[in-house]
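Student: Handing you a structure now.
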Amino acid sequence: MLLLAAFLTTYSFVDIEAVRATGAPASFVRTATIPANPATENCEILIAGAGMGGIGAALRAAERGHQVCLTEEATWIGGQATAAGVSALDENKFIEITGGTRLYNEFRRRIRDYYKRAYKPLNASTNFNPGGCYVSSLCFEPKIGVQVLEEMLKVHKNIRLFRRTRVLDLERTNNAITAALLWNIDKNQALRIIPKFVLDSTEMGDLLPLAKTPYTVGAEAKSLTGEPHAAQAANPACVQSFTYPFIIEHRPGESHTIAKPADFETIRDHQPFGFLLNYPVENGWRGRFEYTMFGDDPPIPNNMSPKPFFPWRRVFNGAAYPGKHTDMALMNWPRQDYHDETVLDRTPEDTARVLQNAKKVSMAFLYWLQNDQKTPALKLRLDQMGTPDGLAQLPYIRESRRIQAQGMVREQDIVFENSPRARAVNFPDSVGTGFYMVDIHPCGANEKGTMMMPKPFQIPMSALRPKDLTNFLPASKNLGVTHLTNGAYRLHPIEWNIGEAAAAMASAQLKGTNTTEAIQTELANAGVQIFWFDDLPESHPAFAAIQIAAIKGWYPARYDDLHASPDSPITRNEAAKALAAKHNLPGDPIQSLTEKNWMAVDHRNWFHGDLPLYWTDIRIKDFAPNKSGPVTRAEFFTQLMR
């Protein structure tokens, strides 16, 4: 009874999936009446939010043998990739080689396999792109992404998925979460969960205020972060704009114009709608440029080519398949963003009103495309988003609440303009990697859009650790980043990686192996990159050994490139430094090793440090197998890290 007393008897919240562009905002607010003794269940790891981070976390925790309860307030799982409609994945040029976890890569592979089976494309290459868009190397229909993710979850019987379920409240006792109150929106049923660990992977960081842990909303002051491009004063209202995406099909010769939305002209002029974007010349970019609706596809994906607009985020390329198929494209365009108000930390009715206004903008943008751009052949595909109005089930939230963690990732940690260095700041406690521009879609609070290109960066464990909780972690874009660096950490593969990292951290604590080295080793063995290399796919046999050696500082990583060159010969100097580091030998590594007779010199007593290491040069007992010839880096570190 003491635990139950912590929860209220009624809660008001917005059923986000129910919000429409018309109707009173209050009609989308629901009231949950909690019985005196709701059903109660135990759960090892409760994960709120089945988005990219939540799916990654659930799969990683399940593979570690934990019982997982995964909640999702939408009908669809998948977060920004599906329910929020952004199925043109925001990735980077390395993604087909590295930079995605093994589980994330499986998600991508399964999507391609689905289209190859279902449509038998005319040219099904390894890196086949179902949509043939040019903003990403993988674009697809959101509902296919949902199907793939469901198949991945079903493999694990220890994952319980609670659809259309919201976490209404958390009970906190001292520095731990001791209970969670769940509410099934469709069934009007309460469930009390007693978790051992809680992960927040919601799109807006909804559990942070419920956990009563410090968090930040909006932009920090420069005096706090020291970031060169931060605002002088903090501004909680300055949260990145958000969007309701939708999918249209081009049906030449037909007319599918929707009814004119109320206040269309006001919305059109206020946004304003258009194909004109500015790529700032001060950043060395092309400047102002206006796209056209149709035209030839650009030769290079994601190169900001001048045209056309429609296939920018095309999710189905009719020409790629036999038979008669038309094209479908995802509409997620900067001029479509809703930037007037943030949806964070509002009353339920205010939240519903803001979401409703954002939907009005998207519907007005569709009408503008059909009428002002004279393309009535664009048909809104009501079946593609799983909603009656054709808009995404959830808004695409770019910036959530962010936990005030033990560590903070700042602009100066990842952005190095005009620098020859290949990587961002190295975090010895790295639990993953990412690479995407600092892409700020401006809020309406006197902010301009910002784009800065960082170096390939890491996800530090300290940015996931709360200052005051022992069994709670952020597992999405709600980690310890700033308003600016959030713009680089909020993308699909990075969110997924954050989720996997959070699950590994939770698992380590529950299993009593809660050390940085143990967590990093677990992640590396699971195919999670924690140190940046551009030529070391997670499928490489020496992937884990090289990753762990690199994060320890033992691997010969260069300052000015990302190459691991795993199959190149290792030099005697490189081998000596690594051996000395592992065995904590003081002084000069070469002198220490030769004095111990662990590495050979020639008959003149020369070491020949720049020459390739041969197996016969190593004299450490049990290190070298019965082999001869030169040793590759992969072979050496596989032996060293055993």
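Student: Have a look at 568, 507 and point out the one that is assigned by TED's automatic domain parsing to the domain that holds residue 241 and in contact with a strand residue (DSSP E or B) (Cβ under 9 Å, 6 or more places away or on another chain).
Tutor: Numbers: 568 fails: assigned by TED's automatic domain parsing to the domain that holds residue 241.
Result: 507 is the single residue among 568, 507 that is assigned by TED's automatic domain parsing to the domain that holds residue 241 and in contact with a strand residue (DSSP E or B) (Cβ under 9 Å, 6 or more places away or on another chain).
Student: Still on this structure, please answer the following. Return the pair list, or none, for Cβ contacts closer than 8 Å from residues in the range 268-288 that are in contact (Cβ under 8 Å) with a residue 12 or more places away in the chain to residues that are outside any loop (DSSP other than H, G, I, E, B) and acidic (Asp, Glu), at least 6 apart or on different chains.
Tutor: Here the result reads 274/290; 275/290; 276/290; 277/290, each pair linking the range 268-288 to a residue that is outside any loop (DSSP other than H, G, I, E, B) and acidic (Asp, Glu).
Student: Among the residues of the range 2-10, is any among the aliphatic types (A, V, I, L, M), crowded, with 17+ Cβ neighbours inside 10 Å and not in a helix (DSSP H, G or I)?
Tutor: No, the range 2-10 has no match at all.
Student: Of 538, 522, which residue is buried (at least 19 other Cβ atoms within 10 Å of the Cβ), in a loop (DSSP other than H, G, I, E, B) and not β-branched (Val, Ile, Thr)?
Tutor: Only one candidate qualifies: 538.
Student: Tell me which of these residue 546 doesn't satisfy, since it passes every other one: (1) outside any loop (DSSP other than H, G, I, E, B); (2) touching a Pro at 6+ places or on another chain (Cβ under 8 Å); (3) under 24 Å from residue 214 (Cα atoms).
Tutor: (3)
Student: Contact list please: Cβ distance under 9 Å, first residue in the range 585-614 and within 27 Å of residue 565 (Cα to Cα) and not assigned by TED's automatic domain parsing to the domain that holds residue 629, second residue polar (S, T, N, Q) and in a loop (DSSP other than H, G, I, E, B), pairs at least six apart or on different chains.
Tutor: Sorted first by the residue in the range 585-614, then by its partner, the list stays empty.
Student: Of all residues being out of contact with any helix residue (DSSP H, G or I) (no Cβ under 9 Å at 6 or more places or on another chain) and closer than 25 Å to residue 134 by Cα in the range 319-362, which is surrounded by the fewest Cβ atoms within 10 Å (Cβ to Cβ)? Just the residue, please.
Tutor: Ranking the qualifying residues of the range 319-362, first place goes to 319.
Student: Checking residue 385 against (1) closer than 22 Å to residue 334 by Cα; (2) in contact (Cβ under 8 Å) with a residue 60 or more places away in the chain; (3) surrounded by fewer than 24 Cβ atoms within 10 Å (Cβ to Cβ), which single condition isn't satisfied?
Tutor: (3)
Student: For the range 531-573, which residues satisfy the criterion of being touching a Leu at 6+ places or on another chain (Cβ under 8 Å) and among the acidic types (Asp, Glu)?
Tutor: The answer is 534, 535.
Student: Looking at the range 107-138, which of its residues are out of contact with any Gly (no Cβ under 9 Å at 6 or more places or on another chain), within 22 Å of residue 497 (Cα to Cα) and assigned to a helix (DSSP H, G or I)?
Tutor: 109, 110, 112
Student: Okay, moving on. Tell me, yes or no, whether the range 461-468 has at least one residue that is surrounded by 21 or more Cβ atoms within 10 Å (Cβ to Cβ) and either in contact with an Asp or Glu (Cβ under 6 Å, 6 or more places away or on another chain) or among the hydroxyl-bearing types (Ser, Thr, Tyr) (or both).
Tutor: Looking for residues that are surrounded by 21 or more Cβ atoms within 10 Å (Cβ to Cβ) and either in contact with an Asp or Glu (Cβ under 6 Å, 6 or more places away or on another chain) or among the hydroxyl-bearing types (Ser, Thr, Tyr) (or both), one finds at least one in the range 461-468, hence yes.
Student: Quick one: would you say residue 572 is without any contact (Cβ under 8 Å) to a residue 60 or more places away in the chain and loosely packed, with under 14 Cβ neighbours inside 10 Å?
Tutor: no
Student: Also, quick follow-up: Determine which member of the set 335, 353 is among the basic types (Lys, Arg), over 24 Å from the mean Cα position of the chain (by Cα) and either assigned to a helix (DSSP H, G or I) or closer than 17 Å to residue 445 by Cβ (or both).
Tutor: 353
Student: Suppose we filter 377, 352, 329, 320 for residues that are under 19 Å from residue 267 (Cβ atoms) and not aromatic (Phe, Trp, Tyr); which single one remains?
Tutor: Result: 352 is the single residue among 377, 352, 329, 320 that is under 19 Å from residue 267 (Cβ atoms) and not aromatic (Phe, Trp, Tyr).
Student: Could you tell me which of the residues 60, 20 is under 30 Å from the mean Cα position of the chain (by Cα), surrounded by 24 or more Cβ atoms within 10 Å (Cβ to Cβ) and either assigned by TED's automatic domain parsing to the domain that holds residue 495 or of a type in the set (Val, Ile, Thr) (or both)?
Tutor: 60
Student: I need every pair where a residue in the range 405-428 that is within 24 Å of residue 213 (Cβ to Cβ) has its Cβ under 9 Å from the Cβ of a residue that is assigned to a strand (DSSP E or B) and aromatic (Phe, Trp, Tyr), sequence separation at least 6 or different chains.
Tutor: 409/457; 413/457; 427/457
Student: Restricting to the range 440-463, name every residue that is more than 14 Å from the chain's Cα centre (by Cα) and within 23 Å of residue 530 (Cα to Cα).
Tutor: Initial filter on the range 440-463 (more than 14 Å from the chain's Cα centre (by Cα)): 440-456, 460-463.
Scanning the range 440-463 gives 452, 453, 454, 455, 456, 460, 461, 462, 463.
Student: Okay, moving on. I need a count of the residues in the range 412-441 that are touching an Asp or Glu at 6+ places or on another chain (Cβ under 8 Å), within 20 Å of residue 476 (Cβ to Cβ) and charged (D, E, K, R).
Tutor: 0
Student: Ok, one more. Within the range 48-64, is even one residue closer than 16 Å to residue 499 by Cβ and among the β-branched types (Val, Ile, Thr)? Step through it out loud before you land on a result.
Tutor: Residues of the range 48-64 that are closer than 16 Å to residue 499 by Cβ, as a first pass: 48-64.
Then drop every residue that is not among the β-branched types (Val, Ile, Thr), which leaves 55.
Within the range 48-64, one or more residues are closer than 16 Å to residue 499 by Cβ and among the β-branched types (Val, Ile, Thr).
Student: Which of the following residues is buried (at least 22 other Cβ atoms within 10 Å of the Cβ), in the same structural domain as residue 56 (by TED's automatic domain parsing), at pLDDT 95 or above and farther than 20 Å from residue 526 by Cβ: 434, 487?
Tutor: So the residue among 434, 487 that is buried (at least 22 other Cβ atoms within 10 Å of the Cβ), in the same structural domain as residue 56 (by TED's automatic domain parsing), at pLDDT 95 or above and farther than 20 Å from residue 526 by Cβ is 487.
Student: So, in the range 13-45, exactly how many residues are in a helix (DSSP H, G or I) and of a type in the set (S, T, N, Q)?
Tutor: Final tally of qualifying residues: 1.
The values are calculated or read from the model by the stated rules, or taken from the named source; none is laboratory data. All values reported here derive from a predicted model rather than from experimental measurement. Cβ: placed from backbone, ideal geometry, glycine included. Neighbour counts: every protein chain shown.
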